[in-house]
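The values are calculated or read from the model by the stated rules, or taken from the named source; none is laboratory data. On a predicted model such as this, the values are computed, not experimentally measured, just so you know. Ideal geometry is used to build each Cβ from the backbone, glycine not excepted, and the neighbour counts take in all protein chains shown.
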């Protein structure tokens, strides 16, 4: 960064800065933990001579244990794309207007979580529903380990509540699908053949004035070999919408490659965890009681509004620990590790 030509390529400079922040996020806590350990050893020697320091010693020990637990959780984020930003898409599914409202609630939840962690959030695409909520939305969440933490959110999220859109006040079950992919900043990492693309333009819908409603600025791209469809209508320029849609497609293809690698590894041991876009992963209850339960990990929280305000970190960390245990179970006590097999 100190070199005179560092800022000559702004895009590359931003990538380098992001990489630096990711590395600092790993190195600094390790240095802090090592420093606390040294201080703890000194305190231990003093406590042998002065019993009054025993309470302070116990408090320092508990603090160091908590910090080590956090470091262990971060150590689980070692996937090829875990350090990258995330592109998160939410679609309303079954449940009518309630599902559209539920999709928007989830969108806010993830944005709140990102802001609490100091991450940047950019709205890439949003399609509002005519009555309430959204049909779909896509956001980029940028920050150290954003994809690593959020990748487990891919799947179906179910809400059970008394419907605010039902005059009879009946209980309604609504569904929304969340899809998370890594944000690819290096165009060479995932190369796309233009001949594999079907590009369509159409008039954008929703708020935005005459330009949005009358100009064919929205772009839909279908990747013919995989059938993946992405679309963007958030920008006024068709060129910008196309660029964003291609970025979304790169992210989806990167995640597809990651899933293939995981599936191949799991096939070696004839066991694979049921996760993914079509799996119901979490239920949120507002009636008859407040409760949020993850179907995979069993982690449960009893304050619906806390979770909707973005306090989902315990769910994300529980998923990482669950995946680690799944991997251990898959390998088995006698099975050699993948690294041993390959090496």
Has segment 102-120 got at least one residue that is assigned to a strand (DSSP E or B), on the phi < 0 side of the Ramachandran plot and in the same structural domain as residue 318 (by TED's automatic domain parsing)?
yes
Condition first: assigned by TED's automatic domain parsing to the domain that holds residue 285, crowded, with 22+ Cβ neighbours inside 10 Å and outside any strand (DSSP E or B). Can you find one or more residues in segment 167-180 that meet it?
no
Please go through segment 235-253 and pick out each residue that is more than 15 Å from residue 89 (Cα to Cα) and either at pLDDT 90 or above or in a helix (DSSP H, G or I) (or both).
238, 239, 240, 241, 242, 243
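Which one of 122, 104, 131 is farther than 25 Å from residue 289 by Cβ, free of Cβ contacts under 8 Å to residues at least 60 places away in the same chain and touching a strand residue (DSSP E or B) at 6+ places or on another chain (Cβ under 8 Å)?
Details: 104 fails: farther than 25 Å from residue 289 by Cβ; 131 fails: touching a strand residue (DSSP E or B) at 6+ places or on another chain (Cβ under 8 Å).
The unique qualifying residue is 122.
Residue 332: at pLDDT below 90, out of contact with any helix residue (DSSP H, G or I) (no Cβ under 9 Å at 6 or more places or on another chain) and on the phi > 0 side of the Ramachandran plot, yes or no?
Numbers: at pLDDT below 90: yes; out of contact with any helix residue (DSSP H, G or I) (no Cβ under 9 Å at 6 or more places or on another chain): yes; on the phi > 0 side of the Ramachandran plot: yes.
Spelling it out, residue 332 is indeed at pLDDT below 90, out of contact with any helix residue (DSSP H, G or I) (no Cβ under 9 Å at 6 or more places or on another chain) and on the phi > 0 side of the Ramachandran plot.
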Does residue 326 count as out of contact with any helix residue (DSSP H, G or I) (no Cβ under 8 Å at 6 or more places or on another chain), at pLDDT below 85, assigned by TED's automatic domain parsing to the domain that holds residue 111 and within 22 Å of residue 82 (Cα to Cα)?
yes
How about segment 102-134: which of its residues are under 11 Å from residue 89 (Cα atoms) and either surrounded by fewer than 18 Cβ atoms within 10 Å (Cβ to Cβ) or under 13 Å from the mean Cα position of the chain (by Cα) (or both)?
106, 107, 110, 123
For segment 57-101, which residues satisfy the criterion of being in a helix (DSSP H, G or I) and within 17 Å of residue 149 (Cα to Cα)?
69, 70, 71, 72, 73, 74, 75
What is the residue count in segment 133-154 for residues that are at pLDDT 90 or above and either part of a strand (DSSP E or B) or on the phi > 0 side of the Ramachandran plot (or both)?
10
Collect the residues in segment 258-286 that are surrounded by 13 or more Cβ atoms within 10 Å (Cβ to Cβ) and modelled with pLDDT of 80 or more, keeping them in residue-number order.
258, 259, 280, 281, 282, 283, 284, 285, 286
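Could you list, in sequence order, all residues of segment 1-44 that are more than 26 Å from residue 73 (Cα to Cα), more than 32 Å from the chain's Cα centre (by Cα) and either surrounded by 11 or more Cβ atoms within 10 Å (Cβ to Cβ) or in contact (Cβ under 8 Å) with a residue 12 or more places away in the chain (or both)?
Of segment 1-44, the ones more than 26 Å from residue 73 (Cα to Cα) are 1-14, 42-44.
Still in the list and also more than 32 Å from the chain's Cα centre (by Cα): 2-5, 42-44.
Within segment 1-44, 43, 44 meet the criteria.
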